[in-house]
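Any read-out appearing in this document is the output of simple, stated calculations on the displayed coordinates, not a laboratory observation. Owing to the predicted nature of the structure, the values given are computational and were not obtained by experimental measurement. Cβ placement follows ideal geometry from the backbone for every residue including glycine, while neighbour counts extend to all protein chains displayed.
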Amino acid sequence: MRSDPSPNEHPDRAAGVLLALACALSLVRFVRLGAWSLWIDEALTWSDAHHSLDSSELFNPIGYRLVTGVAALFGAHPDEAALRFVPALAGVLCVPLTAWALRPLLGARRASWAALFLAVSSWALFWSQTARFYTLAQLTVLVGAGFALRGLWIGGRARTYVGLGICGASAAFHPSGAMVIPALALGAWIAGGDDAARRRRAREACLVLVVMGLAALPLALGPLKNHLLHKPSAGALSGVVHLAQTVAYFCTPLLLAAGGWAAWRAFRRDDPSGRFLAGAVIAGFACAAAIATRAQVTAQYVFVLLPFVCGLAACALRRPDEGLDVRGGDGRSAGAAPVGRAEGALALGLVAASLANCALYLTTRAGERPRWRDAYQYVAAARQPGDLVAGMAAPIGEYYLGAEPTDLRRSHAVAPIDRFFTDGPGRWRRDGRRTWIVVRPQWFADLREGDADRLTEFLARDCRMVRRFDAAMDGRDLDLLVYLEGE
């Protein structure tokens with residue numbers, strides 16, 4: 001394979017148009033960036049950056065410093081848009097990086113399709129508009145994967161090892177980034193086929209993986225133990241089922257179906273690039289499923305794999321009689337065959353469905369978040385001096401109501417209702433003050449059994465519901481209820 005095109009080769013203009021469209025659509029990540037309420041982890045991003053960076057439980061201080069450091073440039077008490085600016089920017093950059101990283105496998109056109117699929121993903125839009133570090137981890141993974149894939153697919157030990165090292169470094173933003181290392185190594189192994197050089201590179205990559213894994217084991221055990229300690233477990237089978245359900249919901253059945261069909265075709269028709277991506281995706285999900293047998297793991301922990309799922313779905317656009325559209329990773333070809341009519345309909349249908357999801361996310365679904373800001377600001381406007389405020393997601397209430405806008409884990413303005421909540425109704429009655437209570441009914445199941453029963457009885461017998469904040473979401477209950485006791 002060659003790294004430079006011959007003079008008679010021309011850029012694939014269709015790929016350029018697709019990538020330009022993908023980059024334009026990726027800017028939707030800045031649309032209504034501050035319109036949605038914070039949710040609890042976003043509030044804790046701000047709080048922990050000020051009070052917990054030296055804590056042994058925080059294993060990714062770089063993400064906290066980057067997100068909150070930039071947000072602080074917008075003011076001492078930044079708004080939602082400021083807190084989400086860095087994740088949104090990273091989410092935009094992930095789109096062209098997807099095309100670059102996957103080009104050695106897919107060729108320029110299908111890599112651009114993969115970038116377009118990522119650009120219009122409502123799941124990618126959600127995490128790009130969240131003050132956490134998942135898009136930063138994804139961005140780092142894509143940089144590393146771009147080098148590693150060029151080393152594994154084309155050749156070059158230095159690129160392979162540097163790429164795998166960068167992928168490992170993504171764990172500095174979120175531990176899930178590290179799962180991409182075994183995913184890439186296994187993908188290379190599966191894709192080796194009859195190519196002796198590629199098989200040799202895959203064996204070397206697996207050996208490097210083992211060495212890196214042993215070296216990083218002491219660093220990896222801390223975050224893993226912390227995750228197992230703080231996340232509930234409902235059993236091995238139910239944990240895996242929960243992971244599968246959330247992945248299917250956020251990744252969307254249509255994208256997964258396209259990827260599944262592409263994987264079947266790749267193995268049936270001996271398509272090395274498709275086998276590579278199928279193996280990488282399967283290996284990554286298997287790592288998450290293994291953890292899910294011990295503790296609750298949701299779709300966000302495999303978010304770093306989304307570009308590879310999009311790449312696998314792009315493999316479905318390959319015509320059965322079309323050869324690999326690869327020219328040494330330079331993105332140029334000697335006239336790639338056009339996408340077939342059925343394949344074009346599939347791609348356009350996937351893009352249209354994803355755009356519809358994004359439109360719903362930005363309008364009726366209101367960012368797919370509970371309306372905590374509306375609920376707590378309603379209480380702030382209606383309460384009287386001396387009233388007590390108790391609520392779930394208390395750090396969010398502290399952010400909107402408290403006088404200490406950085407110390408959100410301590411109860412200043414809002415008495416917390418969480419899994420450490422014990423006999424709140426009894427304490428509220430003894431306090432004798434009029435009490436406002438903000439609850440999300442779906443979270444009652446997370447309270448201890450006795451506390452959940454006492455709270456339900458207290459709300460039904462001693463309180464009246466004064467406001468309901470609905471969120472229009474199929475299959476997810478995001479509604480919030482505000483109760484008043486003492487009138």
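Taking K and R as +1 and D and E as -1, what net charge do the other residues with C-beta under 15 Å from the C-beta of Leu38 add up to?
Working: positive: Arg32, Arg84, Arg132, Arg369, Arg371, Arg373, Arg409, Arg440; negative: Asp41, Glu42, Asp48, Asp79, Glu80, Glu368, Asp374, Glu398.
The answer is 0.
At a 10 Å Cβ-Cβ cut-off, how would you order Val162, Val438, fewest neighbours first? Display every interim value, and only then the final one.
Details: Val162 16, Val438 26.
In order of increasing Cβ crowding within 10 Å: Val162, Val438.
Go through 121-130, 251-260, 236-245 and give me the packing order, highest mean Cβ count within 10 Å leading. Write down the numbers at each step before the final one.
Values: 121-130: 25.1, 251-260: 18.7, 236-245: 15.7.
Highest mean packing first, the order is 121-130, 251-260, 236-245.
Over the stretch 372-485, consider all pairs of different Cα atoms and compute the Kirkwood hydrodynamic radius from their mean reciprocal separation; express it in Å, one decimal.
14.3
Give me the Debye-computed log₁₀ of I(q)/I(0) at q = 0.08, 0.11 Å⁻¹ for the chain, equal point scatterers on Cα only, no solvent, two decimals.
Log-scaled intensity ratios, in q order: -0.52, -0.92.
For the chain, return all DSSP H helices satisfying: extent of Cα atoms along own axis at least 24 Å; mean Kyte-Doolittle hydropathy at least 1.0.
Numbers: long enough: 80-119 (38 Å, 1.11); 134-153 (27 Å, 1.14); 196-230 (46 Å, 0.57); 272-292 (30 Å, 1.50); 341-362 (31 Å, 1.26).
Passing helices, by number: 80-119, 134-153, 272-292, 341-362.
For Leu136, what charge total do you get from the other residues with a beta carbon under 13 Å from its beta carbon, if Lys and Arg give +1 and Asp and Glu give -1?
Around Leu136, the charge tally is +3.
So, counting K/R as plus one and D/E as minus one, what does the shell of residues with Cβ under 11 Å around Met473 add up to?
Details: positive: Arg365, Arg369, Arg476; negative: Glu368, Asp470, Asp474, Asp477, Asp479.
My count for the surroundings of Met473 gives -2.
Determine the percent antiparallel among the DSSP beta bridges restricted to the stretch 372-485, to the nearest 5.
Details: 11 of 17 bridges.
Roughly 65 percent of the DSSP beta bridges within the stretch 372-485 come out antiparallel.
Sort 420-430, 91-101, 371-381, 60-70 by the packing proxy (mean of other Cβ within 10 Å over each peptide's residues), most packed first.
Values: 420-430: 14.8, 91-101: 25.4, 371-381: 19.7, 60-70: 17.6.
Ranked by mean Cβ neighbours within 10 Å, highest first: 91-101, 371-381, 60-70, 420-430.
Which order, highest average first, do 141-150, 168-177 follow once you tally other Cβ atoms within 10 Å for each residue and take the mean per peptide?
Working: 141-150: 26.2, 168-177: 23.3.
Order by mean packing, descending: 141-150, 168-177.
Antiparallel versus total DSSP beta bridges in the chain: what percent is that, nearest 5?
Around 70 percent antiparallel, to the nearest 5.
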